[in-house]
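As structure tokens, the structure follows; a few thoughts come after it.
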Amino acid sequence: MIKIDNVPREIKKVSDVVWEIPKTYKREMKVPARIYATKKLLSEMDKGVFDQLTNVACLPGIQKHAYCMPDGHWGYGFPIGGVAAFDPEKGVISPGGIGFDINCGMRLVTTNLTYRDVEPKLKPLVNLLFEKVPTGVGAKGFLRINENQFKEIMVHGAKWCVENGYGWKEDIKRIEEYGCIKGADPSKVSEKAIKRGLKQMGTLGSGNHYLEVQMVTADNIFRPEIARKFGIIRPDQIVVMVHCGSRGFGHQVATDYLVVFNKVMKEIKLDVKDRELACAPFKSKEGQNYYKAMACAANAAFVNRQIILHRIRECFSQIFKKEPEDMDMNMVYDVAHNIAKVEEHKIDGSKKELVVHRKGSTRSFGPGHPELTKLYRDVGQPVILGGSMETGSYLLVGTESAMNETFGSTAHGSGRTMSRTKAKHIVRGDELQRDMEKRGIYVKAASMSGLAEEAGLAYKNISDVVQTLEKADISRSVVAFKPIGNIKG
């Protein structure tokens with residue numbers, strides 16, 4: 001037992017970066033809870049993380065452990081940074097274990113441009129990106145589609161974009177699940193959700209979503225051979241990172257099914273420790289309907305990020321007077337971090353299908369995994385770890401250890417340490433914007449209050465998070481990026 005403020009006294013040290021809360025902590029716990037963190041990160045986690053994680057460990061059909069990654073913080077139902085896998089026959093599916101912004105995720109794009117090429121044109125570039133990629137609450141995209149086309153998007157995902165001139169054929173190979181979660185059924189999506197999502201394709205939204213122009217620095221290429229495999233070939237190279245999801249569409253899908261699940265739970269007398277963990281048996285009619293609707297929202301999120309990539313390529317082409325192909329504007333990868341998926345993993349040495357929930361956590365499949373594109377199968381899956389707009393981000397790679405230890409999962413970002421309200425009390429958005437520009441980071445934001453919410457001081461030290469992942473060997477750092485331009489909602 002250890003003594004750290006806010007941390008349960010019963011927690012046990014498994015290793016320097018793995019901590020376990022035993023099943024005896026709560027009578028209803030079916031598995032232990034495991035947290036990946038240094039002692040410093042563990043001490044900084046809010047009490048809600050431990051309460052939520054141990055509540056997750058009480059859910060029916062959960063396998064091995066309930067996990068929290070080092071970026072973990074309080075969320076809705078599950079902590080953000082949560083991972084849990086359920087037996088498909090005896091287990092459940094829970095919107096709280098996926099998140100309201102279904103398939104919120106990261107996308108990384110390389111260029112052959114250098115900082116010297118971009119720095120003189122950085123402001124016009126960021127200004128044009130801000131103009132062409134709508135940001136903020138209620139933002140509407142340029143894509144004009146009808147309801148039938150939107151239903152095609154729900155079913156086919158990123159493939160729809162390529163077939164309609166909004167992407168390259170090569171892009172599909174570089175997206176998790178090739179840009180399409182199977183089993184999507186638009187008939188399981190409400191009209192209200194469709195109306196909310198119809199005009200939002202190609203938009204960033206608000207909160208911690210961003211589009212960022214970044215550069216590679218000489219001392220931050222940690223695994224050069226893997227970096228080259230991913231398209232990172234030299235210092236000062238410019239890349240672009242996008243963070244967004246299914247926006248109001250996914251939010252409405254989650255909202256609709258929380259109502260349904262609350263009714264189901266009363267009917268079958270299924271009790272949970274927290275009403276935010278509303279769930280349904282995965283194989284039930286309601287559970288299957290939600291999974292099919294969730295897949296629709298996930299595929300729409302892939303399309304949203306693909307349309308944004310199309311606009312990014314247009315903007316770079318306009319500013320630098322070159323075709324995107326001539327600037328090698330290739331996607332490295334696109335990863336989801338708010339999703340539930342049916343995957344095969346080992347339980348007690350035997351392969352078994354599981355319903356893996358990742359909520360603010362990312363897939364981290366290791367070398368040789370058959371679900372990976374052949375482009376990366378020999379090295380492992382690219383993992384995109386987003387940081388705050390002041391501190392930079394990381395590109396990592398998945399490991400075999402993650403497959404064995406965390407259902408092939410890792411962290412998704414640096415993770416908040418401060419509420420948005422508190423950040424706004426401490427930071428003025430306009431002052432932060434000027435200060436960042438002095439430090440070489442040009443930012444355009446839909447609102448100054450929104451900018452203040454995303455100040456670097458509101459987030460954990462991303463290097464601490466990456467250090468934890470490295471020590472636990474659930475993903476390994478390949479390269480770090482420094483921000484130079486950013487648009488935010």
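Computed quantities for the displayed model
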{"quantity": "Using θ = phi - 60° and Karplus 6.51 cos²θ - 1.76 cosθ + 1.60, couplings along region 440-453 (whole Hz; Gly, Pro as x)", "calculated": "x, 10, 8, 10, 10, 9, 5, 8, 6, 5, x, 5, 4, 4"}
{"quantity": "For the chain: Kirkwood Rh in Å [reciprocal of mean 1/r, alpha carbons]", "calculated": "22.3"}
{"quantity": "Assigned charges on the beta-carbon of Lys, Arg, Asp, Glu; the chain dipole about Cα centre (debye)", "calculated": "700"}
{"quantity": "Gain upon complete extension [residue 421, residue 149; 0.36 nm per residue less C-alpha separation]", "calculated": "94.0 nm"}
{"quantity": "Principal axis dimensions, region 94-190 - Cα atoms, whole angstrom, descending", "calculated": "50, 31, 31"}
{"quantity": "Long-range HN-HN contacts of residue 380 with modeled amide H, under 5 Å", "calculated": "368"}
{"quantity": "From phi via Karplus (6.51, -1.76, 1.60), per-residue ³J(HN,Hα) for region 43-58 in Hz, x at Gly/Pro", "calculated": "5, 8, 6, 6, 4, x, 4, 5, 5, 5, 5, 6, 5, 4, 5, 8"}
{"quantity": "Sequence-distant residues sharing a close amide H with residue 479 (under 5 Å, placed H)", "calculated": "222, 395"}
{"quantity": "Sorted by Cβ neighbour density within 10 Å, fewest at the top, the residues 315, 68", "calculated": "315, 68"}
{"quantity": "Cα→Cβ-extended label distance, 7 Å offset, between residue 112 and residue 270, nm", "calculated": "5.4"}
{"quantity": "Where Rh is the Kirkwood radius over Cα pairs, Rg/Rh for region 156-215", "calculated": "1.01"}
{"quantity": "Extension reserve of the residue 431-residue 142 stretch, reckoned as 0.36 nm per residue once the Cα distance is removed", "calculated": "100.9 nm"}
{"quantity": "Relative packing of 158-168, 207-217, which averages over residues the other C-beta atoms within 10 Å, highest first", "calculated": "207-217, 158-168"}
{"quantity": "Protection proxy ranking, peptides 424-432, 232-240, 40-48, average beta carbon neighbours within 10 Å, highest first", "calculated": "232-240, 40-48, 424-432"}
{"quantity": "Residue order, fewest to most beta carbons within 10 Å, for 241, 294", "calculated": "241, 294"}
{"quantity": "Neighbour-count ranking [beta-carbon atoms within 10 angstrom, fewest first] of 271, 334", "calculated": "271, 334"}
{"quantity": "Amide H within-cut-off set for residue 360, under 5 Å, with H built and near neighbours excluded", "calculated": "81, 338, 339"}
{"quantity": "Computed over region 329-399, Kirkwood Rh from alpha-carbon pairs, angstrom", "calculated": "13.6"}
{"quantity": "Full-extension gain in nm, residue 350 to residue 259, via 0.36 nm per residue minus C-alpha separation", "calculated": "29.1 nm"}
{"quantity": "Backbone HN-Hα couplings from phi across region 416-422 [Karplus 6.51/-1.76/1.60, Hz, Gly and Pro as x]", "calculated": "6, 10, 9, 5, 4, 4, 5"}
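FYI, it's all coordinate maths here, none of it is from the lab. Small disclaimer: the values here were computed from a predicted structure and weren't measured. For neighbour counting, all protein chains shown are included, and Cβ atoms are generated from backbone atoms with ideal geometry for every residue, glycine included.
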